[in-house]
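The structure under discussion appears below in the form of structure tokens.
The values are calculated or read from the model by the stated rules, or taken from the named source; none is laboratory data. From a predicted model like this one, the values you see are computed outputs, not experimental measurements. Positions of Cβ are generated from backbone atoms using ideal geometry, with glycine treated the same way; all protein chains shown enter the neighbour counts. Each accessible area value is taken on the protein alone, full model and side chains, heavy atoms only, with ligands, DNA and RNA left out. Shrake-Rupley method; radii C 1.70, N 1.55, O 1.52, S 1.80 Å.
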Amino acid sequence: DVPLVGNKGLDFEAESVFNQEFIKVKLSDYFYVMLFFYPLDFMIICPIEIASFCDRYSEFEKINTEVLKVSVDSVFSHLSWVQTERKLGGLGNLHYPLVSDISKSISKAYNVHI
């Protein structure tokens, strides 16, 4: 398969968590997107990686790029994770949406589902 970096993304619409609220996210609503897939919420390594994007979010803003994180967990799991402080293994408040791909359709379309 051809890497999708730099190519037009495969459009999707999905439930997400942003600012501790449930919202719908549609990829085509954004011009530039850093799309990041991770396996599941509450995994030991994921909070470090995901939080680092949050810590550097202003750099993405400077280049007009939105960050979207996608996992196969539910929006309820996402909400719980952002409501948990970083020091307790959570994410705390993020500057970008956590997208729920519970059907695995987005992950499969992007060929990242194993």
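Tabulated data
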item: Those residues of region 53-65 which are under 16 Å from Gly92 (Cβ atoms) and open to solvent by less than 70 Å² (accessible area, probe 1.4 Å), in sequence order; result: Phe53, Cys54, Tyr57
item: Residues of region 98-114 that turn out to be open to solvent by 30 Å² or more (accessible area, probe 1.4 Å) and either among the charged types (D, E, K, R) or on the phi > 0 side of the Ramachandran plot (or both), as a count; result: 3
item: Answer residue from region 30-45, given it is within 19 Å of Gln83 (Cβ to Cβ) and not aromatic (Phe, Trp, Tyr) and is surrounded by the fewest Cβ atoms within 10 Å (Cβ to Cβ) among those; result: Ile44
item: Breaking point among (1) touching a residue at least 24 places away in the same chain (Cβ under 8 Å); (2) on the phi > 0 side of the Ramachandran plot, for Gly9; result: (2)
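Table: residues versus (1) assigned to a strand (DSSP E or B); (2) β-branched (Val, Ile, Thr); (3) open to solvent by 50 Å² or more (accessible area, probe 1.4 Å); (4) farther than 20 Å from His113 by Cβ.
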{"residue": "Ala14", "(1), (2), (3), (4)": "yes, no, no, no"}
{"residue": "Ser28", "(1), (2), (3), (4)": "no, no, yes, yes"}
{"residue": "Pro47", "(1), (2), (3), (4)": "no, no, no, yes"}
{"residue": "Ala51", "(1), (2), (3), (4)": "no, no, no, yes"}
{"residue": "Val67", "(1), (2), (3), (4)": "yes, yes, no, yes"}
{"residue": "Asp73", "(1), (2), (3), (4)": "no, no, no, no"}
{"residue": "Leu91", "(1), (2), (3), (4)": "no, no, no, yes"}
{"residue": "Tyr96", "(1), (2), (3), (4)": "no, no, no, yes"}
